[in-house]
Amino acid sequence: MSNNNKYSVPNQQLDTGIVSSNNGLNPLDLPQNGGTITVSALARQIRQTIEQHYPLQWVSGELSGFTRASSGHWYFSLKDQEAQVRCAMFRGRNQRMNWLPKNGDAVELQGAPTLYEARGEFQIVVDQMRPAGQGALYEAFLKLKVRLEQEGLFDTRRKRNLPSHPRSIGIVTSLAAAALKDVLTTLARRAPHVLVIIYPTPVQGAEAPPKIVSAILQASQRKEVDVLVICRGGGSLEDLWAFNDEQVARAISQAPMPVVSGVGHETDFTIADFAADVRAPTPTAAAELCAPSQSALIDQLILIKRHMTRSVLHQMDHLQHQLQRTQLGLSHSARRRLEERSWALDRLASRLVHPRQALSNRKQDIETLRARLHLQHPKNKITFLSRDLSNLIDRRSKAWSRGLEKRHSGLQRWQQALQLLDPGQVLQRGYSLVYAPDGALLRSPHQVHKDDRLELVLAHGKLAARAEP
């Protein structure tokens with residue numbers, strides 16, 4: 001047998017045809033003159049022999065019968081065209097994986113063969129698992145992830161919250177990416193008032209990482225967006241490799257605005273996901289996280305209006321009660337003061353020597369008292385308070401109207417700005433988009449060569465063209 005598998009040659013042959021290991025022990029605990037052993041003893045000796053001669057090694061195959069137990073452990077079969085073997089990957093190991101395997105996946109796993117004695121079942125206890133054919137890339141991914149994590153680049157304390165009401169959203173992706181259409185459709189549906197700025201860049205291939213970094217730096221320097229979305233559709237590990245670049249991760253972590261990563265599908269993980277402030281499972285989900293629904297904002301404004309109305313009505317009721325109490329208090333006080341004045345006049349009249357002079361003095365005092373009472377009359381007090389209350393209600397109503405008109409004007413300005421930025425409106429005016437054979441948007445004649453096949457996108461359709469010198 002080969003040395004890689006570390007087989008040992010048996011040194012003793014028993015009458016029963018069972019061989020013993022080279023450590024001098026009797027593996028089956030059989031009596032030398034024949035007899036029987038227990039099933040558990042047989043299973044234990046076979047397990048020990050397997051574990052001794054078959055160390056941890058990499059095995060490739062296809063997943064089948066994959067299940068996740070309530071305990072968190074994974075159980076499945078690994079098979080090829082001629083054989084299969086049961087496998088178990090315990091929770092402490094599978095929690096370190098950043099992707100979820102499924103039936104039919106071609107994988108490579110590292111594990112130790114053993115025997116599950118309780119069922120007499122040969123199985124592999126899995127330590128690591130990776131997609132088949134991606135071993136080198138996956139190893140590089142894990143090494144970079146560990147290094148940047150130890151450096152603190154993924155520390156949750158560095159993560160920033162997304163703005164609740166962004167005025168502008170930046171998108172870093174390819175103009176030809178299907179993910180861009182999904183994001184723009186979602187933003188147009190949920191928040192048509194939000195300004196969208198696109199920073200185009202390739203998202204696949206060897207030239208993609210530096211251009212992605214350049215797009216992020218451009219957005220950081222221009223400081224025109226409140227949140228930045230980095231996105232592309234799903235694909236293989238090689239397709240998404242541009243987002244496993246160290247410089248891309250550092251540009252994301254150093255961006256002045258919060259960054260949302262919407263790369264790939266829900267089961268895809270990249271270094272950019274860990275470096276971003278928020279990881280979204282899909283590009284569409286990234287757009288939903290960034291943009292609050294316009295209908296939800298309108299509902300919120302309606303609730304605020306209702307709350308303000310209830311508050312003002314409550315205040316008006318309170319002032320009305322206050323006014324009634326004041327009116328009652330003033331009426332009682334005025335009557336009492338009038339009686340006191342009358343008694344005083346009576347006492348003075350009885351002390352006067354000349355009746356006519358006394359009468360004249362009494363009339364003068366009554367007129368003076370009447371003038372004072374007129375100024376403090378309850379009806380006049382009520383009139384003054386009612387006037388103040390009416391002024392308060394008018395000011396509140398005007399303030400609500402101005403506030404609602406201001407918000408409505410703001411929404412209209414945002415909608416107009418979004419329409420001006422709509423590429424479709426530009427095409428309607430007679431412009432067109434010209435794409436090179438590699439799908440890049442042309443900005444200079446130096447990007448093409450003679451006889452290159454070009455694609456022209458018009459407002460209503462597409463045309464093919466050929467480059468001439």
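Values quoted throughout were computed directly from the atomic coordinates according to the rules given, and no laboratory measurement underlies them. All of these numbers come straight from a predicted model, not from anything done at the bench. Heads up, the Cβs are rebuilt from the backbone with ideal geometry, glycines too, and the neighbour counts pull from every protein chain shown.
Along its three principal directions, the equivalent ellipsoid of segment 381-469 from the Cα gyration tensor extends over semi-axes of 63, 10, 7 Å, largest first. Taken along the Cα-to-beta-carbon direction at a fixed 7 Å, the label points for E62 and L303 span 5.2 nm. Listed by chain and number, the lysines placed with their C-alpha closer than 22 angstrom to that of K398 are K305, K406; residues fewer than eight positions away on the same chain are left out.
Against the compact-protein benchmark of 2.2 N^0.38 Å, the Cα-based radius of gyration of segment 56-133 scales to 1.01. Here K450 is the anchor, and the aspartates and glutamates within straight C-alpha reach of less than 16 Å, apart from those fewer than 8 places off in the same chain, are D438, E468. Computed extension gain for W400 through V125, at 0.36 nm per residue and net of the alpha carbon distance, reaches 92.1 nm. The trypsin sites (Lys or Arg not before Pro) of segment 195-296 that DSSP puts in a loop, and whose beta carbon has at most 13 other beta carbons within 10 Å, are K223. Count Lys and Arg as plus one, Asp and Glu as minus one, and take only other residues whose Cβ is under 14 Å from that of K102; the net charge is then -3. Listed by chain and number, the lysines whose alpha-carbon sits under 27 Å from that of K159, ignoring those within fewer than 8 places in the same chain, are K143, K145, K211, K223.
Rounded to the nearest 0.05, what FRET efficiency do A465 and A206 have when you use their Cβ-Cβ distance and R0 = 30 Å? Let's see the in-between values first.
Details: r = 28 Å, r/R0 = 0.94.
For R0 = 30 Å, the calculated efficiency reads 0.60.
When the chain is fully extended, how far beyond the present Cα-Cα distance does W343 get from S390, taking 0.36 nm per residue of separation?
Working: separation 47, 0.36 × 47 = 16.92 nm, distance 4.03 nm.
My answer for the length gained is 12.9 nm.
Stretched out straight at 0.36 nm per residue, the stretch from L421 to A140 would grow longer than its current Cα-Cα span by 97.1 nm.
The chymotrypsin sites (Phe, Trp or Tyr not before Pro) of segment 368-469 meeting both criteria, a DSSP state outside H, G, I, E and B (loop) and at most 13 other C-beta atoms within 10 angstrom of the site's C-beta, are Y431.
Per-residue Karplus couplings for segment 99-108, computed as 6.51 cos²θ - 1.76 cosθ + 1.60 with θ equal to phi - 60°, are listed in order as 8, 10, x, 8, 4, x, 5, 8, 10, 10 Hz, Gly and Pro entered as x.
Computed over the alpha-carbon pairs of segment 90-178, the distance histogram in 10 Å steps reads 11, 26, 29, 20, 9, 4, 0 percent, short to long.
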